[in-house]
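Structure, as structure tokens:
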Amino acid sequence: MTKSDEFAANVRKTAEDSFASGLYCAESVVLALAKAQGIESELLPKVATAFCGGMSHTCGTCGAVTGAIMGMGLALGRSKAGDSTEPAYAATRNLIREFEHEFGSSECHVLLGCDLNTPEGQEMFEEEGLSAQCAKFTGRAAEIAARLISKND
């Protein structure tokens with residue numbers, strides 16, 4: 001296993017462990033990616049919370065993907081006007097392309113097959129144990145993002 005593969009596997013495990021502890025998708029992924037970069041702040045899960053559940057149950061982008069984008073931004077984003085956006089943009093395009101290739105979509109309601117903003121969708125989520133799917137998306141998005149960050153080192 002290469003150093004990059006080991007880094008990505010560790011980030012994936014950290015994200016999956018956070019999810020299993022009760023944090024949600026975006027929160028878990030951004031925290032795992034930040035921790036791997038030596039960044040710790042109580043603000044990280046807070047800034048990620050509304051991205052969970054497909055952007056607050058609006059059938060938007062999967063929270064695992066948005067958390068991964070935020071985590072990649074910590075490593076690849078710019079800190080002032082005039083700096084290039086391309087490292088972060090390129091990594092985001094690659095993340096979305098790879099995630100969609102593997103799972104067929106990056107939209108929460110498509111991935112889960114239900115609308116979490118409805119009672120029926122919430123019931124289906126619980127009855128079908130769809131949290132296990134979310135755990136898989138969380139781990140995989142974190143792993144892909146970690147690998148993309150490693151490529152830019």
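The values are calculated or read from the model by the stated rules, or taken from the named source; none is laboratory data. Predicted model, so just to flag it, every value in this text is computed and none were measured. Quick reminder, even Gly has a Cβ in these numbers, built from the backbone with ideal geometry, and neighbours come from all protein chains shown.
Of the conditions (1) surrounded by fewer than 18 Cβ atoms within 10 Å (Cβ to Cβ); (2) without any contact (Cβ under 8 Å) to a residue 40 or more places away in the chain, residue 114 clears all except one; give me its number.
Of the numbered conditions (1) surrounded by fewer than 18 Cβ atoms within 10 Å (Cβ to Cβ); (2) without any contact (Cβ under 8 Å) to a residue 40 or more places away in the chain, the odd one out for residue 114 is (1).
Taking segment 22-32 as the search range and keeping residues that are assigned to a helix (DSSP H, G or I) and not aliphatic (A, V, I, L, M), which one is nearest to residue 150 (Cα to Cα)?
Within segment 22-32, the match that is nearest to residue 150 (Cα to Cα) is 28.
Looking at 73, 63, which one is surrounded by 15 or more Cβ atoms within 10 Å (Cβ to Cβ) and over 17 Å from residue 132 (Cα atoms)?
Among 73, 63, only 73 is surrounded by 15 or more Cβ atoms within 10 Å (Cβ to Cβ) and over 17 Å from residue 132 (Cα atoms).
Does segment 58-65 contain at least one residue that is part of a helix (DSSP H, G or I) and over 24 Å from residue 6 (Cβ atoms)?
Within segment 58-65, one or more residues are part of a helix (DSSP H, G or I) and over 24 Å from residue 6 (Cβ atoms).
Name every residue in segment 4-17 that is free of Cβ contacts under 8 Å to residues at least 12 places away in the same chain and either more than 15 Å from residue 31 (Cα to Cα) or surrounded by 20 or more Cβ atoms within 10 Å (Cβ to Cβ) (or both), in order of residue number.
6, the sole residue that qualifies.
When you go through 80, 13, 35, 46 one by one, which is the residue that is at pLDDT 95 or above and either touching a His at 6+ places or on another chain (Cβ under 6 Å) or within 13 Å of residue 149 (Cβ to Cβ) (or both)?
Checking each option against the conditions leaves just 35.
For residues in segment 67-84 being of a type in the set (A, V, I, L, M, F, W, C) and touching a residue at least 24 places away in the same chain (Cβ under 8 Å), which is nearest to residue 136 (Cα to Cα)? Steps first, answer last, please.
Initially, segment 67-84 is screened for residues of a type in the set (A, V, I, L, M, F, W, C), giving 68-70, 72, 74-76, 81.
After this cut, where a residue has to be touching a residue at least 24 places away in the same chain (Cβ under 8 Å) as well, the list is 68-70, 72, 74-76.
Numbers: 68: 14, 69: 17, 70: 18, 72: 19, 74: 23, 75: 23, 76: 25 Å.
Within segment 67-84, the match that is nearest to residue 136 (Cα to Cα) is 68.
With respect to the numbered conditions (1) under 17 Å from residue 52 (Cα atoms); (2) out of contact with any Gly (no Cβ under 7 Å at 6 or more places or on another chain); (3) in contact (Cβ under 8 Å) with a residue 40 or more places away in the chain, which one is the sole condition not fulfilled by residue 98?
Evaluating residue 98 over (1) under 17 Å from residue 52 (Cα atoms); (2) out of contact with any Gly (no Cβ under 7 Å at 6 or more places or on another chain); (3) in contact (Cβ under 8 Å) with a residue 40 or more places away in the chain leaves (1) as the failure.
Name the pairs: first residue in segment 22-47 and free of Cβ contacts under 8 Å to residues at least 12 places away in the same chain, second residue among the aliphatic types (A, V, I, L, M), Cβ to Cβ under 8 Å, at least 6 apart or on different chains?
Partner pairs satisfying both residue conditions: 40/34; 41/34.
So which helices (runs of 4 or more DSSP H) are wholly in segment 67-153 and hold at least 1 residues that are of a type in the set (Asp, Glu)?
Per the criteria, 86-103, 119-127, 131-151.
Tell me, yes or no, whether segment 85-94 has at least one residue that is surrounded by fewer than 18 Cβ atoms within 10 Å (Cβ to Cβ), at pLDDT 95 or above and either touching a Pro at 6+ places or on another chain (Cβ under 7 Å) or aromatic (Phe, Trp, Tyr) (or both).
For segment 85-94, residues surrounded by fewer than 18 Cβ atoms within 10 Å (Cβ to Cβ), at pLDDT 95 or above and either touching a Pro at 6+ places or on another chain (Cβ under 7 Å) or aromatic (Phe, Trp, Tyr) (or both): present.
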